[in-house]
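Novice: Sharing a structure here in structure tokens format.
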Amino acid sequence: MEELKRTRRITIGVFAFIAVIIIGLATLKKPKDIYQFSPQQMNEELKLIYQVTPENATKMLKDTINNVFVDVRSIYDFEKGRIGNAVNIPIPMFLNDDNKKLFNQWKKDSVTVVFYGNDQLQANAPWMLMYQLGYTNTRVLLGGKNYLDKQIAGLLTENSTFEMENPAVDFKAILAKGRNGSKTATTVAPKKTVVVRKKKKKAAEGGC
């Protein structure tokens, strides 16, 4: 009798364990977003294909049907100034359902989406995220808004380079100011030390 009860308990336990596993598998949600490329692939693609020069950007701004510029900055920065008819999608809101529908529609319509921030680094991360999710119709503006504004205003020179990042502290200016404000120290030759050796006194000659 005891063995029969024990067998029933084991059987019930096994069925309960199997039921828990089945319920867990049935309710397990698949990830909504799956990365498709390695970091090395993204880096090469960004350098070779997915960057838009300011010269090409000025041409693309005229074609609002096939191109759209997305400002990844905050709403506050966007209101202060934007590029053309850009759409503002701050980085934390990229994966919202409404914005994903927008990106899906642009991809379906073969619209080229150009991300930009104040500098290029601000737009690199959003591009990498969307590219990983399969939005290969996205691009990054070289130099960002700051560089494009200077080009449109005619403030660039032949030696100008893309502003990849604006340093928080201008170390070059600090060093230059320090050199100009400091007094020139006069070098003084070290004094020579003359060692005088005392002569030993001779012992008195003679005796008693």
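Novice: Can you confirm whether the stretch 150-160 contains a residue that is free of Cβ contacts under 8 Å to residues at least 24 places away in the same chain, surrounded by 16 or more Cβ atoms within 10 Å (Cβ to Cβ), of a type outside the set (A, V, I, L, M) and closer than 17 Å to residue 61 by Cβ?
Specialist: Yes: the stretch 150-160 contains one or more residues that are free of Cβ contacts under 8 Å to residues at least 24 places away in the same chain, surrounded by 16 or more Cβ atoms within 10 Å (Cβ to Cβ), of a type outside the set (A, V, I, L, M) and closer than 17 Å to residue 61 by Cβ.
Novice: On to the next question. Could you check the stretch 86-96 and list, in sequence order, the residues that are within 13 Å of residue 130 (Cα to Cα), buried (at least 16 other Cβ atoms within 10 Å of the Cβ) and not aliphatic (A, V, I, L, M)?
Specialist: Within the stretch 86-96, just 94 meets the criteria.
Novice: Is it the case, given these coordinates, that residue 91 is in contact with a Pro (Cβ under 6 Å, 6 or more places away or on another chain) and of a type outside the set (Gly, Ala, Ser)?
Specialist: yes
Novice: Just for helices (runs of 4 or more DSSP H) wholly inside the stretch 50-141: which have at least 3 residues that are more than 20 Å from residue 152 (Cα to Cα)?
Specialist: Of the helices (runs of 4 or more DSSP H) lying wholly inside the stretch 50-141, those with at least 3 residues that are more than 20 Å from residue 152 (Cα to Cα) span 97-108, 121-132.
Novice: Within the stretch 95-129, restricting attention to residues that are farther than 21 Å from residue 58 by Cβ and aliphatic (A, V, I, L, M), which residue is modelled with the highest pLDDT?
Specialist: 102
Novice: Moving on to the next point. Restricting the stretch 74-88 to residues that are under 23 Å from residue 60 (Cβ atoms) and either β-branched (Val, Ile, Thr) or touching a Pro at 6+ places or on another chain (Cβ under 7 Å) (or both), which is modelled with the lowest pLDDT?
Specialist: Taking the candidates together, the pick is 83.
Novice: Search the stretch 45-73 for residues being hydroxyl-bearing (Ser, Thr, Tyr) and farther than 14 Å from residue 144 by Cβ, and hand back the single one that is modelled with the lowest pLDDT.
Specialist: Looking at residues that are hydroxyl-bearing (Ser, Thr, Tyr) and farther than 14 Å from residue 144 by Cβ, I get 50.
Novice: Right, something else. State which residue pairs qualify: first residue of a type in the set (S, T, N, Q) and inside the stretch 95-113, second residue at pLDDT 95 or above and surrounded by 15 or more Cβ atoms within 10 Å (Cβ to Cβ) in any location, beta carbons under 9 Å apart, and separation of 6 or more residues or different chains.
Specialist: These pairs meet every condition: 96/89; 99/89; 105/111; 112/67; 112/68; 112/106.
Novice: Give just the number: which of (1) without any contact (Cβ under 8 Å) to a residue 40 or more places away in the chain; (2) surrounded by fewer than 20 Cβ atoms within 10 Å (Cβ to Cβ) does residue 144 not satisfy?
Specialist: Failing condition for residue 144: (2).
Novice: Kindly indicate the residue of the stretch 60-85 that is small (Gly, Ala, Ser) and over 21 Å from the mean Cα position of the chain (by Cα) and also farthest from residue 130 (Cα to Cα) among those meeting that condition. Explain how you work it out, then say what you get.
Specialist: Pass one, the stretch 60-85, residues small (Gly, Ala, Ser): 74, 81, 84.
Next, from what is left, pick out any that are over 21 Å from the mean Cα position of the chain (by Cα): 81, 84.
Working: 81: 24, 84: 22 Å.
Ranking the candidates gives 81 first.
The values are calculated or read from the model by the stated rules, or taken from the named source; none is laboratory data. Computed from a prediction, not measured in an experiment: that's the story for all the values here. Virtual Cβ from ideal backbone geometry, glycine too; neighbours counted across all protein chains shown.
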